[in-house]
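Below is one structure, written out as structure tokens; comments come after it.
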Amino acid sequence: MAKRDTSCSEETGMTWQVRANCQHFHKPLGRKSFLCFRWGRYADNLVRSYKYSPLTFLPLTLYEQFQRAANFFFLLIVVMQCVPLIATLPWYITMLPLLTVLIMRGAKDLLTDLGRRRSDAKINRRPCDILTTQGFTAAQWKDVCVGDILRIHKDQVIPADLLLLCSTEPHSLCYVETADIDGETNLKFRQAPAITHDELTSGPIEELLLPFDGVVWCEEPNGRLYLFRGELHWRGQSHLLDIEHMLLRGTVLRNTDTVYGLVIYTGSDSKILRNCGSLKVKKTWMERFLNKVVVTIVVCLLTVALLLAVGCGLFEHWVGSKIEVLAAIRGSYSPAYRGFLNFWGYIILLSPAMPISLYITFELIHVVHCLQIGWDIKMYWEENEKPAQARTTSLNEELGQVGHLLSDKTGTLTQNRLIFRQCCIAGHIYGDITAKTKPLDLSWNRFSCGGLQFSDQRLVDRLLQRNCPETLEFFTALALCHTVMSEWKDGLPRYQAASPDEEALVCAARELGWVFLSRTRDSLTVSELGFTLHYHLLAVLDFSSKRRRMSVLVRTPDGGLKLYCKGADVIILERLRKGSPHQESTEQALEAFAQSCLRTLCVAVRCVSEAQWMEWSHALSQAAMATTHRETMLEEVYEQMEKELTMLGVTAIEDRLQEGVPETISSLRQAGVKVWVLTGDKTETAVNVGYACKLMDPDTRLLQGEELRQLLQSPTTEVSFHKDKESLVWSTDKMSQKSKAAIVVDGFELAELTKTPEMGGRFVALSNQCQSVLCCRVTPAQKAEVVELVKKNSSSVTMAIGDGANDVNMIKTAHIGVGLCGVEGGQAVQNADFALAQFSFLRRLLLVHGRWSYRRICSFLRYFLYKTTCFALVHIWYSLYNGFSAQPMYESWFIALYTVMYTSLPVQCLGIFEQDISAESSLNRPELYRVGQKQELFNPLILCGTLLYSIYTSIILFFIPVGVLQSLDLDYQTLAVTVEMSAVFSATLEIILQTRFWTKYNCAAVLFSLVVFFLSSVILHSPRLFTSFPNDYIFFGASLNAFANPVVWLTAILTTCTAVLPSFTVQALSVVLAKNNKHKIHSSKEPVELKSWFNRGVPHRRSSYAMSQGKGFGKLMTLGMGVRSTTPSLEGRVTPATSLH
Amino acid sequence: MMASSYTAKEEDGHHSGSAAAGGPGSSKSKKPDNTAFKQQRLPAWQPILTAGTVLPAFFVIGLIFIPIGIGLFVTSNNIREFEIDYTGVDTNSPCNRCSQTYSWNISCTCSVPFSLEQPFESNVFMYYGLSNFYQNHRRYVKSRDDSQLNGDKSSLTNPSKECEPYRISEKKPIAPCGAIANSLFNDTLELYYIYPNGSRTLIPLVKKGIAWWTDKHVKFRNPPGNNDNLTITFQDTTKPVNWHKPVYELDPNDPDNNGFINEDFIVWMRTAALPTFRKLYRIIQKNKDNMTPTLPRGNYSLEIAYNYPVRSFDGRKRMILSTISWMGGKNPFLGIAYITVGSVCFFLGVVLLIIHHKYGNRNNNADIPN
């Protein structure tokens, strides 16, 4: 048997074998690892996201760090310094900064790794029940092995990929929430294979499970979330398994008391972990640019070293050989060889120009910026106690450069909470969206659960008086026409719906007295104002996105046949019978609702005669039995029934936006950020939300469908979008309106329109001219493709924001991913670079933190490059005077301490505290954000300016002291101290000029740097050190003599002032040229005033019916599954026809 | 000088209050602290640059620098300095014959006459200057053993490797070792005043007090032992190759100026920064009575014991006489540089002022970098 299994499984690719209750089979095959070697077949269920073990930490961290070019370069320098022939500087000079960098970096890695270990342990310690010979025993996730049988209770998270064996529900159905996997919040059902259900539920479950010895052959572990192929071999028979039988790790069991499952894949084999892929390390533009800069510096350095080496060779040949002393110490080497040696010597000498501590300081500043984001109390959300969180610590400055914001809709822009706000029945509008009245007294209704945000006593009065038949009929329709399932909890009905709209409507009906109690396959029980009524359910005309409506056909308790229908307004209005009353007032109501950005549904009824029903049910069963084109035939049949409707009323549901979304979006638009909304929702819903959240103004023109296609395919688009406006689409529009357009496109169109890279480029070019872009019905993968498209076709920084697992792709692809830690699972946050609690915090994150970060980091980088290069380049000039012998200009200790001690703190303070304008002003003036988008503060031009400036400074630093000293009898060491002093002073003065926000820390840092310079000069040149190590501290006495010499001071002051004069002049020039508007920003203290964008133009009626992407539970309803009812003996697949009598 | 707005955003005092209000559970709350530091509301001084504050800065810098420069320049000009090149490149110069011989050890004397047009008051410093002598060459600078010079006994007999090839000679360690010591400037200069009647008198030259105090007393020390008899202390060593006499005979009359602590030696060992340099040689102290100038105007004769060869590398040897002030010797560069930079600042201020008046008010929207 086993042999046959193996052979058959090899043919089908099913090579993964799982034996139930058979630990001794799986255990020996457990996967083990040592260092980087792995063997064994079955992974255990431990999550190991940590990287280091105590043994591997040191080698691994060193290996990782030396992969960085800069670190490796410095390692080489250190090695070179150990060669006496070329050692122009002692080895510890480079070793000191390098060690600092390595230790800090290693400590940081260690800390993050410990954090990962902690979070791993938390997951691994989650409880679950494993079947052992003693029955189900409590265990932890990490104990779960392949082949175990688990018991999962309601609301527990599934610990591994399980094969559902049976559940406590009828038919061994169970419901799972897959929010962590695909982001959809509606429930999905899973069903056990018929065979296990039948066999295992026939008696006490534990006793039956213990001897269960089924063997599962299935595919090797893979990341396909929607596909599973396997076979269950049990008792000599094999049964096919597919994804419907699987409970995936990470999903949550809902609405089901208990399920029993067989573990198929554990830990790293499970589908979700296979799927999450490796985390891409994101690099900012700045970092890549910086790397290029570093490479350029290295190349320049090598070139200069080469030139100087040539100079050395020539000097040795022409001059050196004539000076007896120099010729003698040259030894037996030829001038050329001396030049060669000096080449390496110069590389060592000039290496301080390579900003090694730049990277570590850069990182430090990033980390502090991230902390500042987390500390911001204005981005802290009280309700779920979530502060903002920066999960990636290297992207801060890109927050100040975002050009494209790609946002998810559901849960990001909207709260994903639909609220019944208004309705219109028989031409009367009930409810008021603006007024805040006290909630209704619903104590008369024993089924009321609260939560109704509707307060119109007139409606309640009218219902209780029962004097308006249309009102009663309207609520009967709401209570009957849906596919909601009810569940009883604490004596109150709770509803599970595939569509949040339906849930909102049914709940509203419940609160107002029309309580949907329960359903069976063919009946609905409703309590109407306390009277329990049974309706016979004849047919469910299910929703589809094409039909945009759904209906139920019921037999009322008094014997009549009624069709209740609800759907989008356009659809319903055209199916009304002629002379239907209240049509005009209803349309007015629709417009009124649309103005308030409410989502509307029309509710209608039709009385059906017995004859019509007989005839139609015949047609229906015919259509249902059809083998081909069944869907279209069914639609046609449905169409025949849904006509001659009588309008009952209109519901208005608020798809509540998250707080501050419209203000945030309008603010970001002013800041020049292009906002794209990518949603899986339908076009109508998306457009509706687009208007509501001010993504589009009421008079914005929508470019969609054919129009868009023409615009994109017209050959002139490529040249200029503006040219088109005369000829093609824009002929009617005036110049002022050209930006008043928004692109609306759905997933299929999008795929078609961006088939080729060229077309994609056009699409992005067009979109850049428009206000915004709405992409509807896009899949998670497509979201990522859109991000990729934007990234490829525009130079701007993209930011993706979303809250669900379906946004993970997009979040990972974008330059910056933001996750909202909302109601849905944490998948988005786990993969995001930044986590926020509210969409509106984005405004502060970008306009305040992003802008500040960008400015700070730009200032920091400019200054850092300036101070390191200007100090190191002095050696080049000195070479001209010392025979190209690579004699350092400075004392070696100074070279080591200059970047680490004397000039590092002030620039760190600048990078941490600098504010050009206050947070309030930043929010008030979003247009200031554009500076970052255009990369105005750090670009190749600025960089060249900075480098030229540092060359100038180095020239001044060298030649003024030399000029002074050449006519005096001062020695080399005095010159060195003078130049050192000037260099430290210049660097400090430059940072003083750059700093515009003087906190006490800045002042302290500047003072500290200067004090440390003098103190360490005195200490390093002190007699104690000299007498202990005469050959190392040769500068003994130099600084004492130099500091006592007024000429040295006068020289240093003159040099410093001259060195920073250009910087000061440029600042003065910009001050003189710019009108003094900064002053106003500084002094503006008034709170941020949000400009109201609520000027309503021509209202557009927006009606929609939002369903989840799936088809809903309609089919399941009519199949009678999952409904505790008369025990239906349904086996296998039952055609709809049979269930519909 | 600069307008400022001190935005003292006071720290919120609610920090402790809010934590207390949260109740016992709030200790775990993730709510960030409402402190000025964490909320980036630190009180800070924000200098606001305006044309009204920046432009005066240029003039102020100019107005400070130019007087300083003038002061320095005047001071420098008041210093008398006399320089004479005695290398003997010219065939008819007195030292031409001596300069021909390329040797360290053959002594040759020559005398160079010169006349001072103006008297030199107060103390006069006498320097020797060398040109094209790369005393700042890296391998040259390194070629010494400070440990040995500091009197370390073991370094005396076993000098540092850095001293190669001047480390061991005749199988004995060289003291002082290294190229710097080996190339010690060994010309002897003497100065005679020639009275109008033709007779001449030797001007007394003080040879102590020319080195740094720290060098003389700490950095350079003779090896421990009998201070009066350095010969024994240095008995296991040999003299540098180019030297006429061993180190313990540099100034045999004055034990305080002999051996490693000989001041001429110390001055030489403090290497120069540039290939053309001057070093202090002697001090001519002012007359006790203070009535007559130290060096009256008239004719002088510089007697040179010409030992130091420089012709091979086109070097020059000079003798410089200079009075001194608080800023050392004559140094016109510093004053001129101050005046120049001050003028540039002043000029920039004027240019910016013009720009400000012409364009300042129109160009409103230029964003201010930094």
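A short reminder: the numbers here are calculations on the coordinates, not readings from a lab. Since the model is a prediction, treat every value here as computed from it, not as a measurement. Here the Cβ is made from the backbone with ideal geometry for all residues, glycine too, and neighbour counts use every protein chain on show.
Dimensions of the range A:144-276 from C-alpha coordinates, computed as largest minus smallest value along each principal axis and given longest first, are 37, 31, 23 Å. Summing Cβ point charges (Lys, Arg +1; Asp, Glu -1) relative to the Cα centre of the range A:478-536 gives a dipole of roughly 160 debye. When restricted to Cα atoms, the range A:934-1034 yields an Rg and a Dmax of 17.8, 58 Å, respectively.
What net charge do the residues around A:Thr974 carry, taking every other residue with its C-beta under 12 Å from that of A:Thr974, with Lys and Arg at +1 and Asp and Glu at -1? All intermediate terms of the calculation are to be shown ahead of the outcome.
On the way: positive: B:Arg270; negative: A:Glu891, A:Asp969, A:Asp971, A:Glu980.
Result for the local shell: -3.
Compute the relative contact order of the range A:824-967 as a whole-number percentage, counting only Cα pairs closer than 8 Å that sit 6 or more residues apart in sequence. Computed over the range A:824-967, the figure is 42 percent. Counted as membrane-span-like here are DSSP H helices of chain B whose alpha-carbon atoms extend 30 Å or more along the helix's own axis and whose Kyte-Doolittle mean is 0.0 or above; these are B:51-78, B:332-359. Residues whose amide H lies under 5 Å from that of A:Thr15, counting only those 5 or more places away or on a different chain, are A:Cys218, A:Glu220; hydrogens are built 1.01 Å from N in the peptide plane.
Could you work out the relative contact order of the range A:441-655, using alpha carbon pairs under 8 angstrom and six or more residues apart, expressed as a whole percent? Could the numbers behind the result be given before it?
Working: 352 pairs, mean separation 37.0, N = 215.
Dividing the mean separation by the residue count of the range A:441-655 yields 17 percent.
When the Cα convex hull of the range A:441-655 is projected onto planes of every orientation, the mean area is 12.3 nm².
Could you check what % of the DSSP bridge pairs in chain A are antiparallel, to the nearest 5? All intermediate terms of the calculation are to be shown ahead of the outcome.
Working: 102 of 135 bridges.
Within chain A, antiparallel bridges account for around 75 percent of the total.
Relative to the first principal axis of the alpha-carbon coordinates of chain A, what is the inclination of helix A:1046-1073, with its axis defined by its Cα atoms, in degrees from 0 to 90 and to the nearest 10? Here the helix axis deviates by roughly 40 degrees. Restricting the calculation to alpha carbons of the range A:885-999 gives Rg and Dmax of 18.8, 62 angstrom.
Expressed as a whole percent, how much of the Cα-Cα distance distribution for the range A:375-462 exceeds 18 Å?
Numbers: 2639 of 3828 pairs.
Above the 18 Å cut-off, the range A:375-462 has 69 percent of its Cα pairs.
Less than 5 angstrom separates the built amide H of A:Arg391 from those of A:Phe834, A:Ala835, all sequence-distant by 5 or more or on a different chain. Which Cα, out of A:Gly747, A:Gly115, A:Ile429, lies furthest along the positive dipole direction of the protein assembly as shown (beta carbon charges, K/R +1, D/E -1)? So the residue we want is A:Gly115.
Got the relative contact order for chain A handy, in percent, Cα pairs under 8 Å and 6 or more residues apart? Mind dumping the intermediate values first?
Working: 2079 pairs, mean separation 148.1, N = 1141.
The normalised contact order for chain A reaches 13 percent.
Let me know the charge dipole size of the protein assembly as shown about its Cα centre in debye, to the nearest 20, where only the beta-carbon of Lys, Arg (+1) and Asp, Glu (-1) is charged. Dipole about the Cα centre, nearest 20: 2200 debye.
Set the Förster radius R0 to 51 Å, insert the Cβ-Cβ distance between B:Lys153 and B:Ser199 as r into 1/(1 + (r/R0)^6), and round the FRET efficiency to 0.05. Kindly include the intermediate steps, with their values, before the conclusion.
Details: r = 51 Å, r/R0 = 1.01.
So the FRET efficiency works out to roughly 0.50.
If r is the Cβ-Cβ distance from A:Glu385 to A:Arg458 and R0 is 41 Å, what FRET efficiency results, to the nearest 0.05? For R0 = 41 Å, the calculated efficiency reads 0.50.
Label positions at A:Leu111 and A:Val900, each projected 7 Å from the Cα along the C-beta direction, are separated by 2.0 nm.
Give the whole-number value, in cubic angstrom per residue, of the convex hull volume spanned by the C-alpha atoms of the range B:80-324. Before the final figure, lay out the partial values.
Working: hull volume 33.0 nm³, N = 245.
Hull volume normalised by residue count: 135 Å³.
Per-residue mean of foreign Cβ neighbours for A:367-374 is 1 (Cβ atoms of other chains, 10 Å radius).
Rounded to two decimals, the Cα radius of gyration of the range A:287-386 over 2.2 N^0.38 Å is 1.96. Close amide H partners of A:Phe839, meaning residues 5 or more places away or on another chain with modelled amide H under 5 Å apart, do not exist here.
Here, the protein assembly as shown yields an orientationally averaged convex hull projection of 73.9 nm² when only Cα atoms define the hull. Evaluated at q = 0.09, 0.12 Å⁻¹, the base-10 log of the normalised Debye intensity for the range A:801-933, with identical point scatterers placed on the Cα atoms, takes the values -0.48, -0.69.
Per the helix-only calculation at 222 nm, which mean residue ellipticity applies to chain A, given -39500 (n - 2.57) for every DSSP H run of n ≥ 4 and division by its residues, nearest 500 deg cm²/dmol? Let's see the in-between values first.
Working: 43 runs with 507 residues, N = 1141.
Computed ellipticity for chain A at 222 nm equals -13500 deg cm²/dmol.
Taking GluC sites (Glu not before Pro) as candidate sites, keep only those in a DSSP loop with at most 11 other Cβ atoms within 10 Å, then name the longest stretch of chain A containing none of them. Maximal segment without exposed cleavage sites: A:575-1088. Helix A:940-965 and the long axis of chain A differ in direction by around 20°, with both axes built from C-alpha atoms.
Tell me the net charge near A:Ser859. Cut-off is 13 Å between Cβ atoms, A:Ser859 excluded, with +1 for each Lys or Arg and -1 for each Asp or Glu. Net charge around A:Ser859: +1. For the pair A:Arg446 and A:Lys378, label points projected 7 Å from Cα toward Cβ lie 5.3 nm apart. With the biggest extent put first, the Cα atoms of the range A:116-155 measure 34, 22, 15 Å across the principal axes.
Principal-axis analysis of the Cα atoms of chain A puts helix A:583-595 at an angle of about 20° to the longest axis.
Couplings 3J(HN,Hα) for the range B:84-97, derived from phi with the Karplus relation 6.51 cos²θ - 1.76 cosθ + 1.60 (θ = phi - 60°), are 9, 8, 10, 4, x, 6, 5, 5, 9, 7, x, 8, 4, 5 Hz, where x marks Gly and Pro.
Return the inverse of the average 1/r over all pairs of distinct C-alpha atoms in the range B:76-134, which is the Kirkwood hydrodynamic radius, in Å to one decimal. The Cα-based Kirkwood calculation yields 14.1 Å.
Ellipticity at 222 nm from helices only: DSSP H runs of n ≥ 4 in chain B, each -39500 (n - 2.57), divided by the residue count, give -7500 deg cm²/dmol. Looking at the calculated P(r) for the range A:47-123, what percent of the C-alpha pair distances fall above 15 Å? Of all Cα-Cα distances in the range A:47-123, 62 percent exceed 15 Å. Estimated at 0.36 nm per residue, the fully extended path between A:Leu529 and A:Thr627 surpasses their Cα-Cα distance by 30.8 nm.
Report the FRET efficiency, 1/(1 + (r/R0)^6), for A:Arg31 and A:Glu758, where r is their Cβ-Cβ distance and R0 is 56 Å, rounded to 0.05. Please list the in-between numbers first.
On the way: r = 47 Å, r/R0 = 0.84.
That gives a FRET efficiency of 0.75.
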